[in-house]
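Accompanying notes for the structure given below.
The values are calculated or read from the model by the stated rules, or taken from the named source; none is laboratory data. Keep in mind that this is a model prediction, so the values were computed, not measured. Quick reminder, even Gly has a Cβ in these numbers, built from the backbone with ideal geometry, and neighbours come from all protein chains shown.
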Amino acid sequence: MIEKFGKTPELVDLEELKTWIIYEDEKIIAVNKPGWLVCHPSKNGPLSSLVGAMRELTHIETMHLVSRLDRETSGVVVFAKDKKSASKIQTAIESKIVGKTYLAILRGRLLGDYAVCQPLADDKNSNVAIKQIAAIDKGSAKPAETLFTPLRFSEKPEPLTLARVKIITGRKHQIRAHAEWINKAVVGDKIYGGDENIYLNFIENGMTREDMQKMLMPRQALHAWILDFSKIYPNLVIKAKIPQDFADFMLENNLGAAEEFDKQ
């Protein structure tokens, strides 16, 4: 697992990519992205990103990425095959009528449902340029709303909570920044997990075994589980199976079997 994390992660295998496709029709393709792959094209060639690999696989050059995830977040990513479909979906997302549900493993015990309505802004005091912060003084901060619901708990090796997370808005790093705000950082989060130097070291050297022990997982335990398009496409709800690394962590840390969620 650790070899996938570094400045130059492995390239996508097109045969394997076929198995990531979880939905396709004449308008869209949905993929269950693994938690080691960037979405947007990179300088390392088409097979170094999900967008590049999908274009290689489908030969659709005009494919539009209409939902995206951070590199280390797994789950549903959607491509539109034409400009009209892309515009329809993007408008729906911006209008907050596409339901977005995640699964996250949080450090600490979340005792009940928690709604965070804290605006987000760039963290000017951080050495990580992309880091966001839940702002008290709104200023230029953008509104953000996240709903956390605890599902399962574990006490070893430390208190952990498996949570369902629904986002009303779609800001950069929203779930991770809001989890930090309530002092329940996402397991494996190198930026918001308490020591951002782990992220800075990671960018230079990849994931070390020492830092992995601190993080518990080599990537953040965040999975884009369900995208609900039923308000614009009747009965279209796309669900991404929990990936193996996430499922293994659940079992190893007494958070139950992932298969139970796949049946829901």
Answer residue from segment 105-143, given it is among the β-branched types (Val, Ile, Thr) and touching a strand residue (DSSP E or B) at 6+ places or on another chain (Cβ under 8 Å) and is surrounded by the most Cβ atoms within 10 Å (Cβ to Cβ) among those: 105
Selected residue (criterion: modelled with the lowest pLDDT) from residues of segment 133-148 that are aliphatic (A, V, I, L, M) and over 18 Å from the mean Cα position of the chain (by Cα): 136
Matching residues, segment 29-48, being touching a residue at least 12 places away in the same chain (Cβ under 8 Å) and either more than 15 Å from the chain's Cα centre (by Cα) or not assigned by TED's automatic domain parsing to the domain that holds residue 80 (or both): 29, 44, 45, 47, 48
Verdict on residue 207 being crowded, with 20+ Cβ neighbours inside 10 Å, at negative phi and either aromatic (Phe, Trp, Tyr) or not assigned by TED's automatic domain parsing to the domain that holds residue 122 (or both): no
Inter-residue pairs, beta-carbon under 7 Å, first under 24 Å from residue 72 (Cβ atoms) and in segment 100-114, second among the basic types (Lys, Arg), 6+ apart: 100/166; 101/164; 101/166; 103/164; 106/184; 107/184; 108/184; 110/184
Residue within segment 75-98 that is farther than 22 Å from residue 231 by Cα and surrounded by 16 or more Cβ atoms within 10 Å (Cβ to Cβ) present: no
Among residues of segment 14-52, those that are touching a Gly at 6+ places or on another chain (Cβ under 8 Å), among the small types (Gly, Ala, Ser) and in a loop (DSSP other than H, G, I, E, B), counted: 2
